Amino acid sequence: MIALKPTLIVYQQTESGGPRDEIARLARDRSWHLASWRLDRLADVRDMIHGVGALLGSRGERSAQDLLHRFDRACAPDANAAALGPVILLFATDPPMAFGPGSYVDDLWHALGGSNAIDAGAYPELTVEQMARIDPGWVIVIGSDQLLHAAQRLPVAALREGRIVHAADPGLLEPGAAVIPAIESLRRALAETVSKGPSR
Amino acid sequence: MTNPAHDNTAPMPSRDWSAWHSRLGIVVMALFFMFAFALRLHVGRGATGAVFGWPHETGILSLRLTAAACCAIAGAALGVSGLLLQSLLRNPLASPFILGLSAGAGLGMTAATWLALAFPPFAWLLMGGALLPASVGALASLALVVAIGRRRGVIDPLTLVLAGVIVSSLASAMTLLIQHLLPFEVRGRIDAWMLGRIPEVTPGAIAWLAGTITVAGVVVAHRLGRAMDAGALSDAEAISVGLDLPRLRVWLLLVAATLAAAATALCGPLAFIGLVAPHLARMVCGARHRLLVIGAALAGMTLLIAAEVVRQIIDLGAGRLPIGVVTAILGSIAFLWLLRRFQPVQA
């Protein structure tokens with residue numbers, strides 16, 4: 001880091017209480033500008049876009065404003081999300097794991113007007129039996145085509161009957177500005193799926 | 001007070017009584033296994049926690065049966081594998097972990113995941129889940145252990161253990177290195193597999209293959225029982241009664257490795273079952289290996305199903321305990337109890 005001679009460090013915290021001591025000390029000793037955000041919720045992403053824009057001068061601010069407008073449009077309630085009823089937001093199949101309350105994707109889903117069938121735990125590991133008993137109206141599979149194919153093999157009514165929305169954009173899995181095109185792509189997938197109905 | 005098990009002056013039980021006692025032990029173990037299997041069919045997970053009772057809903061029984069059957073297959077394979085290794089190495093602490101089989105299986109799985117991601121034509125490696133990479137990894141690490149552990153062309157138990165430690169450390173280091181190269185979101189998947197898994201849904205071919213390997217392994221181990229009894233003597237004594245010791249050691253190693261590979265491919269690396277099951281079997285069935293093989297299989301099956309039932313019942317709020325953690329906790333408690341119960345009394 002010292003060899004790179006940065007003037008600004010944008011730090012994404014993974015723990016509470018600000019940047020790690022050694023980063024803060026380095027920045028202080030060398031007069032680097034240090035800005036840090038912890039991205040747990042959609043509102044944190046919004047604050048980060050606004051803050052980074054402010055750090056980059058008037059041009060940066062304009063870009064940030066454009067991004068924020070796009071972000072707000074992407075996160076606006078979507079009738080298609082509400083129409084699906086309680087869903088499981090699945091991101092792994094072996095073992096099945098889903099996004100629950102307290103996770104960033106659950107936050108996004110609620111912003112879109114959707115409802116989550118999982119009511120406890122941010123990233124709970126489920127059993128297939130648990131999924132079958134929850135019997136969600138639809139399953140949103142967030143991940144690769146390989147994950148989608150694995151999910152389709154699980155003996156859960158929604159998956160067997162093709163009530164699946166596939167969100168393939170990896171931007172959904174990591175909080176940041178890249179979530180904007182990912183949410184736009186999810187909205188497109190929702191519109192397409194809901195208009196067509198179950199795939200089987 | 002003297003422990004009768006170590007009192008040379010105590011009258012020896014008659015052969016008939018001993019055989020009857022061992023067979024009764026097998027029956028008791030079989031009853032425990034059937035109870036555990038039935039219990040697993042009556043315990044599952046609902047939307048908000050554990051649910052108890054016979055599943056009347058469509059498809060739920062099949063999920064529970066698959067989980068119980070996978071536990072039975074992997075438990076039997078690990079129990080018998082541990083028994084064969086303890087007999088081969090004449091070391092009561094031997095288990096599939098000690099020869100680097102589990103670490104090798106983990107390396108195989110991690111390497112296959114990396115290959116499939118970096119070079120998509122290799123995606124077929126993971127088509128059967130962990131079966132192919134874990135088996136290849138376990139058997140390759142065994143080959144390396146045997147290559148290092150031979151002295152003058154003969155398998156030496158002590159060198160074999162040391163070779164196992166070396167290969168295990170090497171495989172673990174390689175696994176960490178490859179994990180470091182994997183994308184962040186994939187590492188979680190590997191970590192989850194390394195903590196063990198009990199599948200509720202598994203391709204039929206994989207379950208049948210693992211089941212067939214396990215049954216064949218148990219049958220071969222049972223047939224080797226008398227030879228293992230003779231092999232428990234010193235090398236000189238075993239050879240004097242006509243035992244082909246080098247040949248026996250090769251067989252024991254091959255069967256133990258194949259069984260451990262089948263169990264790991266089906267359920268991931270599971271600690272302590274291979275270590276504790278043979279000790280439980282010895283406690284109930286005595287020292288004859290033909291009965292011990294059956295006892296170790298029953299003990300392994302019962303332990304793993306019991307661990308799976310515990311895992312279904314305990315709710316951490318955000319998911320369940322990994323099965324590998326449950327087997328380690330239950331196994332260490334059982335092992336501590338065995339150690340305290342059968343510790344030789346010092347003069």
Checking the structure you have, find out if any residue of the range B:329-342 is open to solvent by 40 Å² or more (accessible area, probe 1.4 Å), charged (D, E, K, R), more than 14 Å from chain A (Cβ to nearest Cβ) and part of a helix (DSSP H, G or I). yes
For A:ILE23, all conditions in the list (1) in a helix (DSSP H, G or I); (2) within 17 Å of A:ILE183 (Cα to Cα); (3) at pLDDT below 85 hold save one; what is the number of the exception? (2)
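Residue by residue, here is whether (1) farther than 21 Å from B:ALA287 by Cα; (2) in contact (Cβ under 8 Å) with a residue 60 or more places away in the chain holds:
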residue	(1), (2)
B:MET34	yes, no
B:ALA50	yes, yes
B:TRP54	yes, no
B:GLY79	no, yes
B:LEU117	yes, yes
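Please work out which residue is most open to solvent (accessible area, probe 1.4 Å), limiting yourself to the range A:106-121 and to residues that are farther than 22 Å from A:GLU161 by Cα, away from chain B (no Cβ under 14 Å) and not charged (D, E, K, R).
Taking the range A:106-121 and keeping what is farther than 22 Å from A:GLU161 by Cα, we get A:106-113, A:119-121.
Narrowing the set further to residues that are away from chain B (no Cβ under 14 Å) leaves A:107-113.
Subsequent filtering for residues that are not charged (D, E, K, R) retains A:108-113.
Details: A:LEU108: 5, A:TRP109: 4, A:HIS110: 98, A:ALA111: 35, A:LEU112: 1, A:GLY113: 37 Å².
Restricting to residues being farther than 22 Å from A:GLU161 by Cα, away from chain B (no Cβ under 14 Å) and not charged (D, E, K, R), the top hit is A:HIS110.
Restricting attention to helices (runs of 4 or more DSSP H) lying wholly within the range B:163-261, give those where 1 or more residues are closer than 25 Å to B:ILE323 by Cα and aromatic (Phe, Trp, Tyr).
Qualifying helices (runs of 4 or more DSSP H): B:184-194, B:204-223.
Tell me the helices (runs of 4 or more DSSP H) entirely within the range B:57-155 that contain at least 3 residues that are among the hydroxyl-bearing types (Ser, Thr, Tyr), touching an Asp or Glu at 6+ places or on another chain (Cβ under 8 Å) and surrounded by 24 or more Cβ atoms within 10 Å (Cβ to Cβ).
Values: elements: B:60-89, B:101-118, B:131-149.
Result: empty, no element qualifies.
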Select from the range A:71-101 the residues that are open to solvent by 40 Å² or more (accessible area, probe 1.4 Å) and among the hydrophobic types (A, V, I, L, M, F, W, C) and list them in ascending order. A:ALA79, A:ALA82, A:ALA83, A:PHE91, A:MET97
Of all residues making up the range A:122-140, the number that are within 7 Å of chain B (Cβ to nearest Cβ), of a type outside the set (A, V, I, L, M) and open to solvent by 20 Å² or more (accessible area, probe 1.4 Å): 3
(1) away from every other protein chain (no Cβ under 14 Å); (2) touching a residue at least 40 places away in the same chain (Cβ under 8 Å) all hold for B:LEU63 apart from (1)
Where A:LEU89 falls short, out of the listed (1) in contact with a Pro (Cβ under 6 Å, 6 or more places away or on another chain); (2) more than 11 Å from chain B (Cβ to nearest Cβ): (1)
Can you tell me how many residues within the range A:153-200 are within 22 Å of B:VAL186 (Cα to Cα), open to solvent by 50 Å² or more (accessible area, probe 1.4 Å) and part of a loop (DSSP other than H, G, I, E, B)? 4
For B:ALA192, are the conditions met, namely being more than 12 Å from chain A (Cβ to nearest Cβ) and closer than 19 Å to A:HIS149 by Cβ? no
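Quick check on my filter: what residues within the range B:156-199 are charged (D, E, K, R) and open to solvent by 80 Å² or more (accessible area, probe 1.4 Å)? Lay out the reasoning, then the answer.
Narrowing the range B:156-199 to residues charged (D, E, K, R): B:156, B:185, B:187, B:189, B:191, B:197.
B:GLU185, B:ARG189 - these are the residues of the range B:156-199 that are charged (D, E, K, R) and open to solvent by 80 Å² or more (accessible area, probe 1.4 Å).
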If I ask for residues that are open to solvent by 20 Å² or more (accessible area, probe 1.4 Å) and of a type in the set (Lys, Arg), which ones from the range B:15-44 would you list? B:ARG15, B:ARG23
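Listed here are the residues, each with its yes/no results for (1) touching a residue at least 40 places away in the same chain (Cβ under 8 Å); (2) within 16 Å of the chain's Cα centre (by Cα).
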| position | (1), (2) |
| --- | --- |
| A:PRO96 | yes, no |
| A:GLY100 | no, yes |
| A:ASN116 | no, yes |
| A:GLU125 | no, no |
| A:GLY143 | yes, yes |
| A:LEU148 | no, no |
| A:VAL156 | no, no |
| A:ALA167 | no, yes |
| A:GLY176 | yes, yes |
Exactly one of (1) more than 30 Å from A:ALA122 (Cβ to Cβ); (2) of a type in the set (A, V, I, L, M); (3) open to solvent by less than 50 Å² (accessible area, probe 1.4 Å) is unmet by A:LEU4. Its number? (3)
Here are some conditions: (1) surrounded by 14 or more Cβ atoms within 10 Å (Cβ to Cβ); (2) more than 26 Å from B:LEU93 (Cβ to Cβ); (3) touching a residue at least 12 places away in the same chain (Cβ under 8 Å). B:ALA205 meets all but one. Which one does it not meet? (1)
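Any idea which residue in the range A:162-175 is farthest from A:ASP94 (Cα to Cα), counting only those that are at pLDDT below 90 and more than 9 Å from every other protein chain (Cβ to nearest Cβ)? Spell out how you get there, then give the answer.
The initial filter retains those residues of the range A:162-175 that are at pLDDT below 90, namely A:162, A:168-175.
When the remaining residues are screened for being more than 9 Å from every other protein chain (Cβ to nearest Cβ), the result is A:162, A:168-169, A:171-172, A:175.
On the way: A:GLY162: 20, A:ALA168: 18, A:ASP169: 20, A:GLY171: 22, A:LEU172: 20, A:PRO175: 24 Å.
Per the criteria, the residue is A:PRO175.
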In the set B:LEU303, B:LEU291, B:LEU316, the lone residue that is over 21 Å from B:LEU65 (Cα atoms) and either modelled with pLDDT under 80 or touching a Phe, Trp or Tyr at 6+ places or on another chain (Cβ under 9 Å) (or both) is B:LEU316
Take the residues in the range A:33-45 that are under 15 Å from the mean Cα position of the chain (by Cα) and not in a helix (DSSP H, G or I), then tell me which one is nearest to A:ASP106 (Cα to Cα). A:ARG41
Identify the residue in the range B:176-189 that is under 26 Å from the mean Cα position of the chain (by Cα) and away from every other protein chain (no Cβ under 11 Å) and, among all such residues, is modelled with the lowest pLDDT. B:ARG187
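The values are calculated or read from the model by the stated rules, or taken from the named source; none is laboratory data. From a predicted model like this one, the values you see are computed outputs, not experimental measurements. Note: ideal-geometry Cβ built from the backbone for every residue, glycine included; neighbour counts use all protein chains shown. Side chains included, ligands, DNA and RNA excluded: accessible areas come from the protein's heavy atoms. Shrake-Rupley method; radii C 1.70, N 1.55, O 1.52, S 1.80 Å.
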